[in-house]
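To keep things clear, I will list the structure first and then write my remarks on it.
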Amino acid sequence: MSGHSTYQPTNPAAKWLEARLPILGMMHAQAVDFPTPKNLNYFWTFGAILTFMLGVQIVTGIVLAMHYAANAAIAFDQVEHIMRDVNFGWLLRYMHANGASMFFIAVYIHIFRGLYYGSYKEPREVLWILGVVIFLLMMATAFMGYVLPWGQMSFWGATVITNLFSAIPYVGESIVTLLWGGFSVDNATLNRFFSLHYLLPFMIAGVVVLHIWALHVAGNNNPTGISVKSKQDTLPFHPYMTMKDGFAVVCFCLFFGWFLFYAPNYMGHPDNYVPANPLVTPAHIVPEWYFLPFYAILRAIPSKLGGVLAMFGAIAVLFILPWLDTSKVRSATFRPLYRQFFWVFVVVCVLLGWLGSKPPEGIYVILSRIFTAYYFIHFLVILPLLGLFETPKPLPASISESVLKGGASRPAAAAAAPEHRG
């Protein structure tokens, strides 16, 4: 799918470099001439938004690390020092903290877009799996970063979540001791988490490179879910998608900026502005909002080991999703039944997030169990069966036809053959 480069260097230095290391030609082929389906909507701009947000998180994180000390005795005071005494420290800290939430907002939209338009199907299985790996690394990085301010919720969140590994038979206690660096959450734990929190974003950046590489091998999916048939179905990535991506990034920055300047603590927890105290347990321990659906799944299972398996299984099922969905039609645009189940699934995920913020008692536990069951039923039962019984709508003959709203549509049965390009 990555088209032939039209790059012809004119500068003598560029000619010299291109003859020895054709990196400029490669960049031109992948970032300028790369053929992109002409019908991509703004949901396809979240890849650029996520890349931008990763850069923001890495840059602000490096600067914050220059002023932070991973020592349990002074970590909380160091964060206050950054906020009050470092030039623009308040801006850096709020940008980094709220940036994590913006990162997850964008990645959840990116994931649901992939689910709606079938972007996980052949030939993009590896692309999807790499995306799930990035999601896992993001979750680990965010969890460890939340511990660093060493407030009450940081300390007790680390205590509760790391203790979950003790449910693993035979090796659980050893894993917890290794994570803690001792026999309780303390200074050694903070040092470990700080080191890993600093390292993991660079690992994410490396997997992002592989993710983009896999994208450029298989090519973009598109709202119709059909393959690129000819050059008339595509446009060069630049200037068409670069301008679209740039506009979307600016709009997202305005959204980000509103939280940054007007509600910087809206997504945080007030208990985290109280120094960590091992002798005082908060009334209600909750993780950050982006972990709440998985937290609800964890608490829905009465068994500790069962809850841990269900929580990790909720992510693990995404790895095998390309093989669970048996339909040959990618896009929900042409799958009326799947489209209804998709929106039910979205509502279930939102409700699981809401339940994760509630105390684990009464009706909240009952609803958590119902929605947890539906979460797994959606992937393990509904998707395999829909591919067998659903009758898709007719697909357009080409992307150009769908854009121009003209021409005859080929029958869905004929269109259901596996697509290998685009």
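The values are calculated or read from the model by the stated rules, or taken from the named source; none is laboratory data. These numbers were taken from a predicted model, which means no experiment stands behind them. All Cβ positions, glycine included, derive from the backbone under ideal geometry; neighbour counts span all protein chains shown.
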(request) Test each condition in (1) under 22 Å from Trp354 (Cα atoms); (2) in contact (Cβ under 8 Å) with a residue 40 or more places away in the chain; (3) of a type in the set (A, V, I, L, M, F, W, C) for Leu321 and report the one that comes out false. (result) (1)
(request) Among the residues of region 304-330, write down those that are β-branched (Val, Ile, Thr) and part of a helix (DSSP H, G or I). (result) Val308, Ile315, Val317
(request) Would you check if Leu383 is assigned to a helix (DSSP H, G or I) and at pLDDT 95 or above? (result) yes
(request) Would you mind stating whether Gln57 is of a type outside the set (Gly, Ala, Ser), modelled with pLDDT of 95 or more and surrounded by 16 or more Cβ atoms within 10 Å (Cβ to Cβ)? (result) yes
(message) Quick test of your reading of the structure: Lys244 fulfils all but one of (1) of a type in the set (Lys, Arg); (2) within 23 Å of Leu50 (Cβ to Cβ); (3) exposed (fewer than 15 other Cβ atoms within 10 Å of the Cβ). Name the failing condition by number.
(response) (3)
(request) Could you name every one of the helices (runs of 4 or more DSSP H) located completely within region 1-73 that has at least 1 residues being more than 28 Å from the chain's Cα centre (by Cα)? (result) 12-20, 23-31
(message) Given the options Tyr7, Tyr68, name the one that is buried (at least 16 other Cβ atoms within 10 Å of the Cβ), closer than 28 Å to Leu148 by Cα and either out of contact with any Phe, Trp or Tyr (no Cβ under 7 Å at 6 or more places or on another chain) or not small (Gly, Ala, Ser) (or both).
(response) Tyr68
(request) Identify, by number, the condition in (1) outside any helix (DSSP H, G or I); (2) modelled with pLDDT of 95 or more that Glu419 doesn't meet. (result) (2)
(request) Could you list all residues from region 287-326 that are under 21 Å from the mean Cα position of the chain (by Cα) and among the small types (Gly, Ala, Ser)? (result) Ala296, Ala310, Gly313, Ala314, Ala316
(message) Within region 195-249, take every residue that is part of a helix (DSSP H, G or I) and of a type in the set (S, T, N, Q) and give me the one that is nearest to Leu40 (Cα to Cα).
(response) Thr242
(request) Among residues belonging to region 24-43 that are free of Cβ contacts under 8 Å to residues at least 24 places away in the same chain and buried (at least 16 other Cβ atoms within 10 Å of the Cβ), point out the one that is nearest to Lys244 (Cα to Cα). (result) His28
(request) Could you look through region 255-298, keep only residues that are modelled with pLDDT under 90 and among the small types (Gly, Ala, Ser), and pick out the one that is nearest to Ile315 (Cα to Cα)? (result) Gly268
(request) Have a look at Lys358, Lys328 and point out the one that is surrounded by 15 or more Cβ atoms within 10 Å (Cβ to Cβ), of a type in the set (Lys, Arg) and without any contact (Cβ under 8 Å) to a residue 12 or more places away in the chain. (result) Lys358
(request) For Gly219, state whether it is over 18 Å from the mean Cα position of the chain (by Cα), on the phi < 0 side of the Ramachandran plot and crowded, with 20+ Cβ neighbours inside 10 Å. (result) no
(request) Residue by residue through region 250-308, note down the ones that are farther than 28 Å from Leu54 by Cα and touching a strand residue (DSSP E or B) at 6+ places or on another chain (Cβ under 8 Å). (result) Val274, Pro275, Ala276
(request) Among the helices (runs of 4 or more DSSP H) lying completely within region 79-177, list those that include at least 1 residues that are small (Gly, Ala, Ser) and more than 26 Å from the chain's Cα centre (by Cα). (result) 89-117
(message) Can you tell me which of (1) closer than 30 Å to Thr333 by Cβ; (2) in contact (Cβ under 8 Å) with a residue 12 or more places away in the chain; (3) surrounded by fewer than 19 Cβ atoms within 10 Å (Cβ to Cβ); (4) not small (Gly, Ala, Ser) is the one Trp213 doesn't meet?
(response) (2)
(message) Test of understanding: among Pro270, Pro287, which residue is buried (at least 18 other Cβ atoms within 10 Å of the Cβ) and out of contact with any Ser or Thr (no Cβ under 9 Å at 6 or more places or on another chain)?
(response) Pro287
